[in-house]
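Have a look at the structure below before the remarks.
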């Protein structure tokens, strides 16, 4: 059925697929179409079941089809979703996230991560009256011309005021600030360095502190792109763990356990700018996703979701490390354990990584050979141990044993 759907899609969808699924370069054997999800498992349209370590590329933080979240969404749907204005859920959700996120004094809502990062940049430029925005080389902040890593259709004018630095490199950051001169509007940083197909890097404290100081000294905004990591590492903002607070932050993915929602949060310095900004979308006030988000945050807090994901991620990381040693394979695991990245050393063409994940897929464990993966609250110790029994077989094949 997957093949027939691909054939049908190729006739009515350019390329048969779009976005990250087409660009991700998954090796042969990966399904494109899925039928359902439950907890930490998904089923493709051909009926094959997988233990899921992608969690829909991040949004599923509690597990697919979570009963508490889905019940909250159904209750709201019975009352209405997209109305002539927002429901009470918008105020409740703004109050909730402002109460959780350390730097936040206010919140605005939209639908996806690109909405949120773009709104942060627009706010910074509007509030400061300046143009230059600094981004880390290779970082992903959305699929629009000002920041997309894919050059197709992008004009030089789209990025005329974008300057680049190396993540965690203080000297590189200082040089970019100098290049911006008196026109620096914002420095945009990811929660950690999660460039596609590369080893991940947690933020260095000295780098984070210098970014904060440079923004203060230049009357610029420090923007934290927490779209990918937010509410998975902590409920308080990912850089709260290192004691550095941004002025503005962008959120999506895990905020509503798969319901379409994103948020911009900011401190009082940018409140007036946010009140003056015109940013809108036909579905941005949808109440169902906001009800789902409220339920998601309740469950995450009640069950200490970030800590559970950390424990399960560490269990997976320790097991993978022991297996790699046993089979004498150079494997590097990087990034936070809740969002694991597993790459083989000296594997420039990802041949070993592709073979490894193809073998886990055949055995019912869905992993990715290049992208960071995601843990959810639904993953249990038994699930991790099952995954490790599968990765042991896969490592054995890669090692040629």
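The values are calculated or read from the model by the stated rules, or taken from the named source; none is laboratory data. Given the structure is predicted, the values throughout are model-derived calculations rather than measurements. Reconstructed Cβ throughout: ideal geometry from the backbone, glycine too, with neighbour counts over all protein chains shown.
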Practice prompt. Output the residue which, of all residues in the stretch 227-238 that are in a loop (DSSP other than H, G, I, E, B) and in contact with a strand residue (DSSP E or B) (Cβ under 9 Å, 6 or more places away or on another chain), is surrounded by the most Cβ atoms within 10 Å (Cβ to Cβ).
Written response: 230
Worksheet item: Of all residues in the stretch 330-346, which are farther than 30 Å from residue 304 by Cα and surrounded by fewer than 19 Cβ atoms within 10 Å (Cβ to Cβ)?
Response: 330, 345, 346
Fill in: Output for the stretch 295-313, where each listed residue is over 19 Å from the mean Cα position of the chain (by Cα), surrounded by 15 or more Cβ atoms within 10 Å (Cβ to Cβ) and touching a residue at least 12 places away in the same chain (Cβ under 8 Å)
295, 299
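Of everything in the stretch 207-226, what is part of a helix (DSSP H, G or I) and buried (at least 20 other Cβ atoms within 10 Å of the Cβ)? Give them in sequence order.
Taking the stretch 207-226 as the starting set, the residues that turn out to be part of a helix (DSSP H, G or I) are 207-217.
Within the stretch 207-226, 207, 208, 211, 214, 215 qualify.
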Worksheet item: Identify, please: which residue in the stretch 177-206 is part of a helix (DSSP H, G or I) and out of contact with any helix residue (DSSP H, G or I) (no Cβ under 7 Å at 6 or more places or on another chain) and is, among those, surrounded by the most Cβ atoms within 10 Å (Cβ to Cβ)?
Response: 180
Item to complete: Identify, by number, the condition in (1) assigned to a helix (DSSP H, G or I); (2) under 16 Å from residue 255 (Cα atoms) that residue 353 doesn't meet.
Response: (2)
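Limited to the stretch 141-157, what total is found for residues that are part of a helix (DSSP H, G or I) and closer than 20 Å to residue 227 by Cβ? Give the derivation first.
Our first condition is that a residue be part of a helix (DSSP H, G or I); within the stretch 141-157, this holds for 156-157.
Now narrow it down to the ones that are closer than 20 Å to residue 227 by Cβ: none.
The qualifying residues number 0.
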Item to complete: Go through the residues of the stretch 263-282 one by one and say whether even a single one is modelled with pLDDT of 95 or more, within 30 Å of residue 92 (Cβ to Cβ) and outside the structural domain of residue 106 (by TED's automatic domain parsing).
Response: no
Response to the item:
For the stretch 5-31 the number of residues that are surrounded by 14 or more Cβ atoms within 10 Å (Cβ to Cβ) and under 19 Å from residue 390 (Cβ atoms) is 4
Worksheet item: Among the residues of the stretch 361-375, which ones are touching a strand residue (DSSP E or B) at 6+ places or on another chain (Cβ under 8 Å) and more than 21 Å from residue 349 (Cβ to Cβ)?
Response: 364, 365, 366
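Considering only the stretch 360-382, I want to know if a residue exists there that is over 25 Å from residue 43 (Cα atoms), assigned by TED's automatic domain parsing to the domain that holds residue 53 and at pLDDT 95 or above. Please lay out each step first, then the result.
Applying the first criterion (over 25 Å from residue 43 (Cα atoms)) to the stretch 360-382 yields none.
No, the stretch 360-382 contains no residue that is over 25 Å from residue 43 (Cα atoms), assigned by TED's automatic domain parsing to the domain that holds residue 53 and at pLDDT 95 or above.
Whether any residue in the stretch 270-291 is surrounded by 19 or more Cβ atoms within 10 Å (Cβ to Cβ), touching a helix residue (DSSP H, G or I) at 6+ places or on another chain (Cβ under 7 Å), on the phi > 0 side of the Ramachandran plot and in a loop (DSSP other than H, G, I, E, B) is what I want to check. Before the answer, list the steps.
The initial filter retains those residues of the stretch 270-291 that are surrounded by 19 or more Cβ atoms within 10 Å (Cβ to Cβ), namely 270, 274, 284-291.
Checking which are touching a helix residue (DSSP H, G or I) at 6+ places or on another chain (Cβ under 7 Å) leaves us with 270, 274, 285, 287-291.
Subset that is on the phi > 0 side of the Ramachandran plot: none.
Checking the stretch 270-291: not a single residue is surrounded by 19 or more Cβ atoms within 10 Å (Cβ to Cβ), touching a helix residue (DSSP H, G or I) at 6+ places or on another chain (Cβ under 7 Å), on the phi > 0 side of the Ramachandran plot and in a loop (DSSP other than H, G, I, E, B).
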Fill in: Considering residues of the stretch 239-256 that are out of contact with any strand residue (DSSP E or B) (no Cβ under 7 Å at 6 or more places or on another chain) and closer than 16 Å to residue 98 by Cα only, the residue surrounded by the fewest Cβ atoms within 10 Å (Cβ to Cβ)
240
Practice prompt. Out of the residues in the stretch 257-269 that are farther than 12 Å from residue 116 by Cα and in contact with a strand residue (DSSP E or B) (Cβ under 9 Å, 6 or more places away or on another chain), state the one that is surrounded by the most Cβ atoms within 10 Å (Cβ to Cβ).
Written response: 257
Worksheet, complete the sentence: Output for Cβ contacts, cut-off 7 Å, separation at least six or different chains, first residue closer than 24 Å to residue 64 by Cβ and assigned by TED's automatic domain parsing to the domain that holds residue 294 in the stretch 246-259, second assigned to a strand (DSSP E or B) and at pLDDT 95 or above, reads 251/262; 251/263; 251/265; 252/262; 255/262; 255/263
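Tell me yes or no: at least one residue of the stretch 328-340 is closer than 27 Å to residue 46 by Cα, out of contact with any helix residue (DSSP H, G or I) (no Cβ under 7 Å at 6 or more places or on another chain) and either in a loop (DSSP other than H, G, I, E, B) or not assigned by TED's automatic domain parsing to the domain that holds residue 41 (or both). Please lay out each step first, then the result.
Applying the first criterion (closer than 27 Å to residue 46 by Cα) to the stretch 328-340 yields none.
Looking through the stretch 328-340, none of the residues is closer than 27 Å to residue 46 by Cα, out of contact with any helix residue (DSSP H, G or I) (no Cβ under 7 Å at 6 or more places or on another chain) and either in a loop (DSSP other than H, G, I, E, B) or not assigned by TED's automatic domain parsing to the domain that holds residue 41 (or both).
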